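The values are calculated or read from the model by the stated rules, or taken from the named source; none is laboratory data. These figures come from a predicted structure and were not determined experimentally. Neighbour counts run over all protein chains shown; Cβ positions are idealised from the backbone, glycine included.
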């Protein structure tokens, strides 16, 4: 509803209330109007703040997922949590897996995150270079400032063979 209509409605309600009080013979009309005026100003402040939050949201955080080009790792699914809250899940189709191995990126999450330090956790189910399935939990910590934050998770072959796959994180900030 438009803010102007709300204020008009509140004003009409105040006038009606004041008229009823006056008709009943009450003498506290000025204090009642002052209380009502204070309530209207408070409501107006709250509506303006809500309108600004809806029209101009704070800068967002985006998490992208990719696979190193030429890697034999094939993603099956990923469950993403930020600060112990599940914020994203995606199961990959064969077409998406092919696109990721060709250097494509998939946006797994986009949302508003408060400024400060945050813990990102991704539970990844995938196939390694030998075709064996595995599940691995990877953790990453990032600091969100006032600008838009982008965090990229890239899977790739682990050359040391210590793990079925290597996961690298990269982050950057953007003004828009």
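Tell me yes or no: at least one residue of region 157-165 is modelled with pLDDT of 90 or more and surrounded by 15 or more Cβ atoms within 10 Å (Cβ to Cβ).
No - not one qualifying residue is present in region 157-165.
Here are some conditions: (1) crowded, with 16+ Cβ neighbours inside 10 Å; (2) over 17 Å from residue 65 (Cβ atoms). Residue 141 meets all but one. Which one does it not meet?
(1)
Pick from region 97-129 the residues that are over 30 Å from residue 145 (Cα atoms) and touching a residue at least 12 places away in the same chain (Cβ under 8 Å): which of them is farthest from the chain's Cα centre (by Cα)?
Filtering first and then ranking leaves 129.
Looking for something touching a helix residue (DSSP H, G or I) at 6+ places or on another chain (Cβ under 8 Å), farther than 21 Å from residue 159 by Cα and assigned by TED's automatic domain parsing to the domain that holds residue 160 - is there at least one such residue anywhere in region 57-72?
no
Exactly one condition in (1) touching a strand residue (DSSP E or B) at 6+ places or on another chain (Cβ under 6 Å); (2) surrounded by 13 or more Cβ atoms within 10 Å (Cβ to Cβ); (3) touching a residue at least 40 places away in the same chain (Cβ under 8 Å) is not met by residue 133; state its number.
(2)
Residues of region 87-135 being more than 19 Å from residue 169 (Cα to Cα) and assigned to a strand (DSSP E or B), which ones?
91, 112, 127, 133, 134
Within region 66-96, how many residues turn out to be without any contact (Cβ under 8 Å) to a residue 24 or more places away in the chain, surrounded by fewer than 13 Cβ atoms within 10 Å (Cβ to Cβ) and under 18 Å from residue 140 (Cα atoms)?
Residues meeting the conditions: 2.
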